[in-house]
Amino acid sequence: MIGTSGIARPISAALLGLALVSAGPLANPAVAAAPQNMTHGLGANLTPGLPEGLSASAAALVQENATLPDSVDLSQWDPPVGNQGQVGSCASWAVGYYYRYWLRNHALGDTSTFAPMYLYSQLARGDANRGSSFPENFGISLSQGIDHRSDYPQGDYDYTTQPTSAEVTAAAPYRVTSGTSLFRGASGANQAAVEASFAAGHPVLLTIPVYDNFELANATHAFVDVPTAGMTNYGNHGVFAAKYDTAGVWIENQWGTSWGNQGWAELSWAFVNQYAEEGWFMTADGGGLSTPSNVTATGISSSQIKLTWSGVSGATGYRVGRWNGATWPIIADNLSTAAISYIDGGLVANSQHLYSVCAFNGSGENCAPYVYATTWTGPGQQPNAPTTNGATPVSSSSIRLTWTDNSNDESGFRIYRWSVPDGQQWVVASTTGPNATSVTDAGLQPNTNYWYDACAFNDAGQNCDPVQAGATTLQAGATYHAITPTRVLDTRNGTGGLSGPFTNHAARTFTLGGVPSNATAVTGNLTVTGQTSSGYLFIGPVAANNPTSSTINFPVGDDRADAVTVQLGSGGTLSITFVAPSNGPTVQAIFDVTGYFTPDTTGATYHAITPMRVLDTRNGTGGLDGPCTNHAARTFTVGGVPAGAIAVTGNLTVTGQTSPGYLFIGPSASNNPTSSTLNFPVGDDRANAVTVALGAGGTLSITFVAPSNGPSAQGIFDVAGYFVAAGG
């Protein structure tokens, strides 16, 4: 349930030793009064008497998780972004609204939100700026629980009205078990404590100081690094962190979706180590209760399913939840401690249902993994359930399911497929005869995951394997469509919708013109110019402020280009990120498209060949003898490829240039091309890979463009493969 990526990183012994040493906070600028025009409340108070450094619990977590993943994402159980307004209730929002929801959703799939003012009103007692610490909010959550927003008419901003006795009673089932400290104060080991908490399955609460770069975070600047000189410290803020990666930890803030990137921002690890004041995590695991064991579900009639389980020591009762496709609503609550079974009735005949059984007491609840069963029709004995052996992708549109027959009295087998990704219902994918042990489910979508269940049936009903099997169809192949090189992005003039240079670690997304909606990838040329710092550009299908790969690397003062073949994102988009050694520098980016791929057979197929030189103006290879001159297009025939070829891949090289400039290569002669293929300075033999459409008769045209008339450049082109159109 924990999403990870990358290579796990071991925690060094030196870092673990640092975790056990107290560390005082770094010197911060003086705290200023919140400006009158600040639209967001703060209000996190530090915990009096909390020892400096990592706690014993954090040190134990670091020890237990000595090898940590590069990233962990627990945000799938988060509530929607909240908004505390100007009330100083941030710690109550982080504890009550975010963390309590996360624990409940993670345990039961319950998506009912909780009321942060239930906590804060009891702490503030009418003082909007009183603030609160995390332990103060834990205290109420441990002793009382917290009420739902739907049951709490005082709303999100009433810090004066106290909860009624009915609301206190309604809060009782939602007590938490513990609030545990991770660290206090600045320390190089804070990162390890946060990562170890995530690796153990616990999101993190952080108390942090708010500087100008946090207050002003937005969609293009959602990366909060250490404050720079001159920034003002407005006070402490309590936040909920739901995921981390190699660059830092992501928080879901309670300042609404207009702040940060739709309410989210990433705190750099340097900020966490040098400026975070406190770190905590919470649990609500049933106060030490064991998980209900031996949980079974059995269809006992055409409209009933019976749940059974073994009793749990210390439980004061049991709850049964039934999956409705999105959440686990409770269908039986406050079952007595003597209960070890429950019959769910009024169901649809021959239908399948998923259940969860939970034990609870005054401190919380603990739930068993789900079980499921199918109702049945008719008298008699159902056959034994088959044993599913697994699902295997066969092609881009089919999956094969195999099973073992465990009885001799079935009329046949039914194969069920999960009908929608969130598991709303089962549909019959196939019905087979009594001797079948496999079936191939066809007509599926490429690169899509499907889940299956095998059931034996006869006149008395059916019995299904309790183990689901899943598989992903194979990725459909794509064919290529070459086009005349087209400029789709130029930040210098706003082409492509992005106007103005890129800034550091700020991903920007643009839509590609000139390619159809079913295109899955494109070939093209990415060019950098006007850079004020060395660095690199990344281009890809998903926006990434901190990309883990690079597309084109460059120094200052050198226009460079790089050919790419890149997958498109949702809606035919691409995202570009500029990464530099420090904040401040900018860069202009240009992207030219030369072709696109579609997941069908309408395009061309690729054929690789041994690289061969088809043009060298230094010796007349290809029919062009002598250097290219400024703005004078020259055409040559590409040898070594069949007459039906519509495009080629290859390598374009420049040498002997007497001026900086660029070369363009394309299917049509153009003295004034609107895109570039290879940019270069003087005195640098340089090459760039090319995927380019061929002109009539298998020709290409090359043009040299320089800042002024007079200079020249030699051009070389090597072919590495060709595309042949469908039916060609």
Label point distance in nm, residue 86-residue 158, each placed 7 Å from Cα along Cα→Cβ: 2.0
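To the nearest 0.05, how large is the calculated FRET efficiency for residue 46 and residue 291 if R₀ is 41 Å and r is the Cβ-Cβ distance? Can you show the working numbers first?
On the way: r = 37 Å, r/R0 = 0.90.
The formula returns an efficiency of 0.65 here.
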Extension gain from residue 165 to residue 492, taking 0.36 nm per residue of separation minus the Cα-Cα distance: 111.3 nm
Only residues of the stretch 659-681 count here: report those whose backbone N is under 20 Å from the spot 7 Å along Cα→Cβ of residue 534, or say none. 680-681
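Taking 0.36 nm per residue of separation and subtracting the Cα-Cα distance, what length does fully extending residue 150 through residue 333 add? Provide the component values of the computation, followed by the final result.
Working: separation 183, 0.36 × 183 = 65.88 nm, distance 1.91 nm.
Net length gain for the segment: 64.0 nm.
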Roughly how many nanometres apart are two label points built 7 Å out from the Cα toward the Cβ at residue 637 and residue 60? 8.1
Cysteines without a disulfide-compatible partner [the chain; Cβ-Cβ under 4.7 Å]: 90, 628
Scalar couplings 3J(HN,Hα) for the stretch 122-137 by Karplus 6.51 cos²θ - 1.76 cosθ + 1.60 (θ = phi - 60°), nearest whole Hz, x for Gly and Pro, are 6, 9, 6, 6, x, 9, 5, 9, 5, x, 6, 9, 4, x, 4, 6
Roughly how many Å is it from the Cα centre of the stretch 304-350 to that of the stretch 644-667, as a whole number? 70
Between residue 504 and residues 5 or more places away or on another chain, which pairs have amide H atoms under 5 Å apart, with H built 1.01 Å from N, and which residues are they? 584
Given the DSSP H assignment, sum -39500 (n - 2.57) over each helix run of at least 4 residues in the chain and divide by its residue total; what's the result at 222 nm in deg cm²/dmol, nearest 500? -2500 deg cm²/dmol
I'd like the Karplus ³J(HN,Hα) series for the stretch 158-172: coefficients 6.51, -1.76, 1.60, θ = phi - 60°, whole numbers in Hz, and an x wherever there's a Gly or Pro. 7, 9, 9, 6, 8, x, 6, 4, 5, 6, 5, 5, 5, 7, 4
Take the alpha-carbon centre of the stretch 513-538, take the same for the stretch 144-222, and report the distance between them in whole Å. 41
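Please find the FRET efficiency linking residue 270 to residue 130, where r is the Cβ-Cβ separation and R0 is fixed at 30 Å, and quote it to the nearest 0.05.
Values: r = 32 Å, r/R0 = 1.05.
It comes out at approximately 0.40.
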Could you derive backbone 3J(HN,Hα) for the stretch 669-682 from the dihedral phi with the Karplus parameters 6.51, -1.76 and 1.60 (θ = phi - 60°), listing whole Hz in sequence and x where the residue is Gly or Pro? 5, 8, 6, 10, x, 9, 9, 10, 10, 9, 9, 7, x, 7
How many nm separate the modelled label positions at residue 448 and residue 73, each set 7 Å beyond the Cα in the direction of the Cβ? 2.1
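Please give the length that would be gained between residue 395 and residue 476 if that part of the chain were fully extended, namely 0.36 nm times their separation in residues minus their C-alpha to C-alpha distance (nm, one decimal). Each step should come with its number before you reach the end.
On the way: separation 81, 0.36 × 81 = 29.16 nm, distance 0.82 nm.
Full extension from residue 395 to residue 476 adds 28.3 nm.
Bear in mind that the values in this text are calculations on the coordinates, not laboratory data. All values derive from a computational prediction rather than experimental measurement. Using ideal geometry, Cβ is built from the backbone for each residue, glycine included, and neighbour counts are taken over all protein chains shown.
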